[in-house]
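Inspection log for the structure reproduced underneath, given as C-alpha cells.
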Protein chains: 2
Amino acid sequence: MLYLDGHALPAVWLRDHCGCPECADPRSGQKLFGVTDLPADLAVADSHDDGTTVTVTFAPDGHVSTYARDRLLAPPAPDDRTEDGKEFDLRITEVAWADFQADRTAALDALMLRGFVLLRDVPTADRKVLDVARGFGYVRETNYGTLFEVRVEENPHNLAFTGLAIAPHTDNPYRDPVPTVQLLHCLVNGSTGGDSGLVDGFAAAALLRTEDPAAFSVLAGTPVTFRYADPDTELTASRPLIGLDPRGRIREVRFNNRSARPPRAPHDELVAFYAAYRAFAAILARPAGRLDFRLVPGDCLVFDNTRMLHARTAFTESGARHLQGCYADLDAVASDLAVLRRRAPLDTLADLFAGAGAADYLGEAVTQAVHMIQAATLAEAAGASDALIAAALLHDVGHFTGEVSGADLMAGTDNRHSHTGADWLARWFPPAVTEPVRLHVAAKRYLCAVQPEYLGRLSEASVYTLGVQGGPMSAGEVAEFEAGPHAMAAVALRRWDDEAKDPEALTRDFAHFRPVLERVLRY
Amino acid sequence: MLYLDGHALPAVWLRDHCGCPECADPRSGQKLFGVTDLPADLAVADSHDDGTTVTVTFAPDGHVSTYARDRLLAPPAPDDRTEDGKEFDLRITEVAWADFQADRTAALDALMLRGFVLLRDVPTADRKVLDVARGFGYVRETNYGTLFEVRVEENPHNLAFTGLAIAPHTDNPYRDPVPTVQLLHCLVNGSTGGDSGLVDGFAAAALLRTEDPAAFSVLAGTPVTFRYADPDTELTASRPLIGLDPRGRIREVRFNNRSARPPRAPHDELVAFYAAYRAFAAILARPAGRLDFRLVPGDCLVFDNTRMLHARTAFTESGARHLQGCYADLDAVASDLAVLRRRAPLDTLADLFAGAGAADYLGEAVTQAVHMIQAATLAEAAGASDALIAAALLHDVGHFTGEVSGADLMAGTDNRHSHTGADWLARWFPPAVTEPVRLHVAAKRYLCAVQPEYLGRLSEASVYTLGVQGGPMSAGEVAEFEAGPHAMAAVALRRWDDEAKDPEALTRDFAHFRPVLERVLRY
C-alpha cells in the first residue's frame, strides 16, 4: 500500500497501472499480464515521490514501476453512457451541414450531452443519411436493411410505415444489442401533420425516481419482453424499461408500447409493475417534457436511442412525407469525439504557424514557421519516423509558448526554448516527439564539442545564441548526452535545424504535416 | 381481476393481452394503445371461460377481449441471453458446411445453447467469413473493418496481430454495445503453435457464485473501464466483468486483461475488487474448464462473445497462420433460429406431399398430392391471396392427420377431414388459412343447395362423399354459412378443389409453394 495525498493505494492496483515494456506492449499499450500472473502477496517494498513522478518497488518480485503522479490521482472520468454529466435540456442544437463537415465536435458533443442534434441543410440525396452516419461511426444493419424508408407502405409490418400517430418510444427495443443511435433524414415533408417530438427518457426516469422511488425500482427490476415478428423475422429482447448500471445510475431507457409484451409474474408484482409503468408513461407524456418541431427537407435528426424517445403526429397518408433513416452506435460517436478532441491542439499549432510563427524571424532569413516546416521537410525527405518529423516541425515552438520569448533570447537571455517547448508539447505528444525537441539545443552544444568543423556551418544567429545557451559541451556533458536514449534523434534533428534556413528552398506547408502529427499524438 | 386455474390475473394485465383490431394492428400485430390510454380503474366486469377461450368484459369502458386460454396461462419463456437454460458443456458441435447450408438449425441451436459451434469445410475463400455471418445475421462493422485479418502485422495496434499467446478473453470489451457474436475462419494454419482455446464465462461465473458469493457480488457490482486507442480510435466502455439481468441472472461476461483499466474506488473496495478479480481469473484459468483444439483450414468457429472467452497459444511469427474474422449479433441469430423453427412444420408438410399424399388417390384420377397442388396452382393463377393459395394447397391434409383416414371416408365414415385438417394446421397457420380449409366441405354442401347445376360438375367420388358428409345444406345452414367471415374464400377454394382432378394438367410442385407457406405462417 502507498499513501499519496491521503489516498491509500493498494499494491495490486498500483501494479495494474504499470506501463513498463514488460507490463504493457510498447507498440499498442495493451497490458501484457493477467491478474493471476501477479504474486498473491504483492506489496509495496519501497517508494519515491518527487512531486511529479512516483517510483514504486514491489515485493516479493522486486519489480520497479514509475508513474506520473497526476495520473495516479486523477478522479474517475464520468461514464458518458449513464446519466452522469448529462444535460437535461431539450434545447435543439442545430448544426449546418457545412459546419458539421468542417468540424463534427459541436454536433457530437450535443448528441452525447443532450441526447440529440439536428443537422440542417444536409443534401436531400437518396441514401445520404448513410454518409452522415459513416462520418462519425458505423451503420448498424438490421432486418430493415442498412437504410430504412419512413413513408407510407401498402402492406406495412410496422406502424412506422403508416400515417398513424406514433407515441414517444425508443426504436427496436426487441433488439439486443439495441441500436444506440438513430438518424432520420427528411427528404420530403409536404403532408398535413407528421410533426416530430422528442422526450428525454433519462430526465423522465430521474423524475420518476424523485416522485415515486418505489415505481422506479420496480421498473428497473422487471425485465420486459419486447417482440417483433414478420414473415422473415422473430426478434425478442427481455430488458427493463429503465436500465441501471451496477452503481444504480440510469443507463438505458426502453419504451415502446407497440412491441412490449405483458410480463409474467405473480399477481402482486404485476399490479405493482403496471402502476409503475403508468406512472412512468404519465411523466413521459407531460407536455413540458416534450419538444415538438417539424422536420423540413435537409434536416437530419441524430439521437441517442438508449435515451431519447421520439414521436410523430399523425399525417394524411396521401400527403408526401419521406424520411430515410439508419442506425449506428454511440461507442463510435464517443470515439470520434475523443479523437477530435485529441486532435484539437493541432488547431492551436496551426494558428501558431499561421500567426506568430509567420511573423518572427529571430535573426534568420526565413520566418520561424518556414524554418520549422523546412526542418520537417528535410526530415521527411531523409525518411525519418513520424515522431522525428513531428519533432523537427515543432522543435522551436518554445520560442512562442514560454514566458521568455525568442526576442528575449536574441537580446541575450536564454529562454530555454527547447525545454519550454518540450514541456508544452508533452501534454499531447509522447517522448519520441518531445525529447528530441528538448535536446536540440544540447545537440548544438554537443556537435560543437565533438565536431570542430560544425561550428563553421552554423548561422550567425545560431553562433550568437550558442553563447547564451552555454557554449560547447564539456567532456562530462558529452558523455552524459551520448548516453541518453534520444541523443541520436536530437543530433539528426539538429542537422535539419541548421539547414532549414534557406529562403529559396521549396517547402511543404503545415497542412501537409498535420496527418503526421495526428498519427503521433499521445492516446 | 380474474382467477384462472388458481392464477389471479390483474385486469390491466389481461387488457394488455387484447388482440382485437382496436387494440392491435391487424397487419403488424403491434399494440395500438399505451398504458395511460387505459382507464386507471380498469376492472373485470364479467368473464366467460369455455375451456379453450376466455372472454372478458372490462369496466368501466365495456371493452370485450377474447383470449386463447392456453396463451394466458403459458409459463414465461426463458431469456435465452441469460444463463437460464444454457448448457455448460464444452463439447464441440461440429457442422459440415454442406449441412449448415441445408439447415442452420443445429448449428445455431448449439451457438445459443452451448455458446459456440464449429463449422467444418467452409471454403477457404477470401472474405468467405462474411458470407457465413450474413447467412444468419448482420455483420457488425467496427474500426477493424467489416472483416479483420488475424495474422502477424508489422506494426500492430493490437496484440491479436502478433504471434504472442493470448490469454482467454472476450473481444472488444471497450465497445458498448459489444459485438455479441464472433466468427473466426481459418484459411491457413501452418505455424508451430497457434492452437485455439475456449472457456465458458457463464459456467465460470456460476462457479464463482457458488465458491465465493461475495466475490461474485463484487464483480457484478463494479464497473470496469475497458479502453482501446490507436491514432484514429479511442473507445472506452465501463461495464462489470459479470453483467446480471435485473433478476440477478448471469447475462454477460467481459474479461480482457489487455484492455481493462484499473478501477477507481476507495482503498477497501479496490482490495475487494482485486481479490474477486483474481478469484474469477483463477477459475477461468482452470484447465478443466478450457477446451483446446486446433483450427484447420476450412474451420469457422462461431461463438457468443458475451459468454465464451477465447484464447490462443503463441506461435512462430514466421509460420503461416491466417484467420479472417468478423462480428455479428446474437439477436439476429435467435431470430433466424426462431424463424427456422417456425418453418420446420413445412418439412412435415413436404413429407406428407412426397409420402402418403403421393400414394393416395381416394377415388380420383390424381393422387391427393397432385390434387392439392393443382388446387393451389389454380388459386395462384386466379390471383388469390397467399393465405388462400396456402388453404388450397393444404385443404385435404385432414385425410392424413386425423384418426379417421381418407380411406375410411371412402368406406362410408365421415372423417370430418376439413375440421381435423383445419385444427391440425391451426398450430402454425392463421384463420385466413385454416378457416377456408375447415369450410371447404361445407362449401360443397352450400353450393349443392344454392346452385342446382353445381352437383352435375362434381366428380363421382365427390358425389359419393357428399352423402357421407350430410348432403346439400338446409336453408338455415345456408344462411348461417353465408354469414361467416370466411364463406367466400371457402367457396372459391371449393371451385378450385372441384377442378383440381385433371391427370393431364401441368402443375407446380410443393417446393414452388413453400415460400407462400413461409409468408403466411403464424408468428
Exercise. Using helices alone, what [θ] at 222 nm do you get for chain A, with -39,500 (n - 2.57) per DSSP H run of 4 or more residues, divided over all residues and rounded to the nearest 500?
Worked result: -11000 deg cm²/dmol
For this session: Would you mind pulling out the separation of the Cα centroids of segment A:87-163 and segment A:464-489, in Å?
Result: 57 Å
For this session: Mind putting a number on the dipole of segment A:32-181 about its Cα centre? Charges go on the C-beta only, +1 for Lys and Arg and -1 for Asp and Glu, and I need it in Debye to the nearest 20.
Result: 560 debye
Seminar exercise, completed: Inter-copy distances for A:A358, label 7 Å out on the Cα-Cβ vector, sorted ascending, nm, one decimal, are 8.3
Problem set entry | Mean separation of Cα contacts under 8 Å (6+ apart) over length of segment B:171-238, as relative contact order % | 40 percent
Exercise. Kyte-Doolittle mean at least 0.0 and Cα extent at least 20 Å along the axis: which DSSP H helices of chain B qualify?
Worked result: B:267-284, B:431-450
Problem set entry | Computed accessible area, B:Y446, all protein chains, 1.4 angstrom probe, square angstrom | 20 Å²
For this session: State to the nearest 20 debye the size of the charge dipole of the protein assembly as shown about its Cα centre, where the only charges are +1 on K and R beta carbons and -1 on D and E beta carbons.
Result: 560 debye
For this session: Determine which residues of segment A:187-209 fall in the zone a paramagnetic label at A:R286 would reach in this model, i.e. backbone nitrogen under 11 Å from the point 7 Å along Cα→Cβ.
Result: A:203-209
Exercise. Using +1 on the beta carbon of Lys and Arg, -1 on that of Asp and Glu, and nothing else charged, what's the dipole of segment A:2-72 about the Cα centre, debye to 20?
Worked result: 220 debye
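Beyond 31 Å, what share of the Cα-Cα pairs of chain A remains, rounded to the nearest whole percent?
Everything past 31 Å amounts to 61 percent.
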Problem set entry | Residue-averaged beta-carbon neighbours from other chains (10 angstrom radius) around A:126-139 | 1
Problem set entry | Distance between segment B:202-228 and segment B:356-422 - C-alpha centres, whole angstrom | 59 Å
Exercise. So for B:I92, B:I250, what's the accessible-area order with a 1.4 Å probe, most first?
Worked result: B:I92, B:I250
Problem set entry | Solvent-accessible area buried by A and B, counting both chains, probe 1.4 angstrom, square angstrom | 7900 Å²
Seminar exercise, completed: Everything considered on the Cα gyration tensor (a ≥ b ≥ c; rounded for a/c under 1.5, else prolate if a/b is larger than b/c, else oblate), segment B:344-520 must be described as rounded
Problem set entry | Residue-level accessible surface for A:R227, protein heavy atoms, 1.4 Å, Å² | 80 Å²
Exercise. Which sequence of A:L2, B:L506 reflects their accessible areas, 1.4 Å probe, from the largest down?
Worked result: B:L506, A:L2
Seminar exercise, completed: Once all protein chains are kept in place, A:R286 shows an accessible area at probe 1.4 Å, nearest 10 Å², of 90 Å²
For this session: Summarise the partner chain shielding of A:174-181 as one whole number: the mean count of Cβ atoms from other chains within 10 Å of each residue's Cβ.
Result: 4
Exercise. Direction-averaged shadow area of the convex hull around the Cα atoms of the protein assembly as shown, nm²?
Worked result: 51.4 nm²
Exercise. So what is the relative contact order for chain A, in percent, with contacts set as C-alpha pairs under 8 Å and at least six apart?
Worked result: 15 percent
Exercise. How would you order B:256-262, B:459-465, A:157-163 from highest to lowest mean count of nearby Cβ atoms within 10 Å?
Worked result: B:256-262, A:157-163, B:459-465
Exercise. Which cysteines does the protein assembly as shown leave without a neighbouring Cys Cβ under 4.7 Å?
Worked result: A:C20, A:C186, A:C300, A:C326, A:C448, B:C20, B:C186, B:C300, B:C326, B:C448
Exercise. Hey, got the average number of other protein chain Cβ atoms within 10 angstrom for residues in B:322-329?
Worked result: 1
Seminar exercise, completed: Counting only backbone N atoms under 13 Å from a point 7 Å out along Cα-to-Cβ of A:T105, the residues of segment A:330-351 in range are A:337-351
For this session: Would you mind counting up the charge near A:G51? Only other residues with Cβ under 12 Å from its Cβ, with Lys and Arg at +1 and Asp and Glu at -1.
Result: -3
Problem set entry | For segment B:282-344 versus segment B:436-459, the gap between their alpha-carbon centres in whole angstrom | 60 Å
Exercise. What's the local net charge at A:V95, with K and R +1, D and E -1, over the other residues with C-beta under 15 Å away?
Worked result: -3
For this session: Please work out whether segment A:1-135 counts as rounded, prolate or oblate from its C-alpha gyration tensor, where a ≥ b ≥ c are the square roots of the eigenvalues and a/c under 1.5 means rounded, while otherwise a/b larger than b/c means prolate and anything else oblate?
Result: prolate
Exercise. From the Cα gyration tensor of segment A:94-339, with a ≥ b ≥ c the square roots of its eigenvalues, which class applies: rounded if a/c is under 1.5, or else prolate if a/b is larger than b/c, or else oblate?
Worked result: prolate
Exercise. What is the spin-label model distance, in nm, from A:T348 to A:R514 if the labels are put 7 Å beyond Cα along the C-beta direction?
Worked result: 1.7 nm
Problem set entry | Solvent-accessible ranking of B:D245, B:D351, largest area first, probe 1.4 Å | B:D351, B:D245
Exercise. Counting alpha carbon pairs within less than 8 Å and at least 6 residues apart, what relative contact order, in whole percent, applies to segment B:2-73?
Worked result: 25 percent
Exercise. Which lysines have a Cα lying under 30 Å from the Cα of A:K501, excluding residues fewer than 8 positions away in the same chain?
Worked result: A:K444
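The values are calculated or read from the model by the stated rules, or taken from the named source; none is laboratory data. Model, not experiment: these values are computed from the prediction. Cβ atoms come from the backbone with ideal geometry, glycine included; neighbour counts cover every protein chain shown. Ligands, DNA and RNA are stripped out before the accessible areas are found, and what is left, the full protein with its side chains, is counted by its heavy atoms. Shrake-Rupley method; radii C 1.70, N 1.55, O 1.52, S 1.80 Å.
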